Amino acid sequence: MKTDIAIIGGGASGIFAAIIAARSGGKVTIFEKNPRVGKKILSTGNGRCNFTNINAGTHNYNSDFASFALNKFPPKKAIAFFEELGLLSKVESEGRVYPMSGQASAVLDVLRLELDRLGVNILTETCVSQIQKNGDGFIVVTDSGEKHFAKKVIAASGGMAAPKSGSDGSGYAILKMLGHTVTPLVPSLVQIKTSKGIQGVRAYGRVTLEDGKTDIGEIQFNNYGLSGIPVFSLAKHAKKGRSIFVDLLPDYSEQDVLAFLKKRPTQTMETYLVGVLNKSLGQMLLKECGILPLSRMSDTLTENEIKKIASKIKHWRFEITGVMPWENAQVTSGGVSLDEVSCETMESKIVKGLYIIGELLDIDGDCGGFNLQWAWSSGFAAGSEAVNV
């Protein structure tokens, strides 16, 4: 088979690149190992697909490399693109954008319908094992031994996160064979495991690593450790054996907390922090401070004990034992070295005619629609350029 553009991977970035290239008249073929394209899209945003964020900018990513593509295809263009396909959206807290229907399937459906309308050839259950440079083009080799000729190749096979969706990291090996460097791969936007846990409790707070990296938002305490958006944002920096600190009252100083505790009415320790913290969380914190039994009356607390409670509320230390595995991760941190790819076109500086997009690159964004926006922006850059050159 011969095609103008072979796209390796039918995830978000690959689908988008295919649509952009096909709209410009290119003959496009997607090679996808799953029975259908876009499987990972269905699980994003807890099944609602937070497909962009109106606040997305370079500061939401690990590198300025993302700036050119984001400026070329920003969130407002992504929203307009999907509206053109018939998908209405709504903006929710912190700029997150969701389909009006609240269904991730709606995002995938309109993309698949556009692929059909444009006549994009999709080869599902087709695993690519090798890409060979062949004169001015490429030979795409599948696991079954089939060979397909393409003038250009867009690599969009995803990273290591959520392997059940088909992201198994195989694309990195293919790109290494073509001479590319892959930086260390780490699970990102994932839960942090700690030496102690509290099952099923949520609380607003600030989390801070020993190196000073910090974020604020809803924290979920689980039996294995910590979860929630602020925890996800720090996970790629979490180091086993180091500490993560939780501030349960980030809007108050430690002195404010101390003064408030001193004014509490006399009661048992079981209810001492009711109205301040989640009841279960508060009792766990008191146990951590050694304030036992909980039947003890609060008027027996010493000055030092009250200071200890206030300090724990503001600086609760958890020892990091690791992060949850790739199966739990939403994104891959690390990937193809950005020094080897054009930030304007996504074309490889090592292999002419090869484009690398999405999660394969050493680009990862914050939690909240930023990584899907990168998929659209990088896909737009590569899809536009692969046809025009």
Item to check | Count - residues of segment 169-203 that are crowded, with 18+ Cβ neighbours inside 10 Å, assigned to a loop (DSSP other than H, G, I, E, B) and out of contact with any Asp or Glu (no Cβ under 6 Å at 6 or more places or on another chain) | outcome: 6
Next on the checklist: So in segment 129-168, with the set limited to residues that are charged (D, E, K, R) and either touching a strand residue (DSSP E or B) at 6+ places or on another chain (Cβ under 6 Å) or assigned to a strand (DSSP E or B) (or both), which one is surrounded by the most Cβ atoms within 10 Å (Cβ to Cβ)?
Outcome noted: K152
Checklist entry - Is it the case that segment 296-308 has a residue that's part of a strand (DSSP E or B), open to solvent by less than 20 Å² (accessible area, probe 1.4 Å) and either at pLDDT 95 or above or of a type outside the set (K, R) (or both)? => result no
Item to check | Subset of segment 204-229 (residues that are basic (K, R) and in a strand (DSSP E or B)) | outcome: R206
Checklist entry - Restricted to segment 209-237, and to residues that are open to solvent by 40 Å² or more (accessible area, probe 1.4 Å) and hydroxyl-bearing (S, T, Y), which residue is farthest from I320 (Cα to Cα)? => result T214
Next on the checklist: Being small (G, A, S), surrounded by 14 or more Cβ atoms within 10 Å (Cβ to Cβ) and over 13 Å from N53 (Cα atoms) is the filter here; which residues of segment 67-86 pass it?
Outcome noted: S67, A69
Item to check | Which listed residue, of Q283, Q255, is touching a helix residue (DSSP H, G or I) at 6+ places or on another chain (Cβ under 9 Å), part of a helix (DSSP H, G or I), exposed (fewer than 14 other Cβ atoms within 10 Å of the Cβ) and of a type outside the set (D, E, K, R) | outcome: Q255
Item to check | Members of segment 324-335 found to be surrounded by fewer than 24 Cβ atoms within 10 Å (Cβ to Cβ) and in contact with a strand residue (DSSP E or B) (Cβ under 8 Å, 6 or more places away or on another chain), listed by number | outcome: M324, P325, W326, N328, Q330, G334
Checklist entry - Restricting the first residue to segment 98-111 and requiring it to be open to solvent by 10 Å² or more (accessible area, probe 1.4 Å), which pairs with a second residue that is aromatic (F, W, Y) and not in a loop (DSSP other than H, G, I, E, B) meet a Cβ separation below 8 Å and a spacing of at least six or different chains? => result V110/F82
Checklist entry - If you take the residues of segment 238-251 that are touching a residue at least 12 places away in the same chain (Cβ under 8 Å) and in a loop (DSSP other than H, G, I, E, B), which of them is nearest to I219 (Cα to Cα)? => result L248
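The values are calculated or read from the model by the stated rules, or taken from the named source; none is laboratory data. Predicted, not measured: the structure shown is a model, and the values here were computed from it. Note that each Cβ is placed from the backbone with ideal geometry, even for glycine, and that neighbours are counted across all protein chains shown. For accessibility, only protein heavy atoms count, side chains too; no ligands or nucleic acids. Shrake-Rupley method; radii C 1.70, N 1.55, O 1.52, S 1.80 Å.
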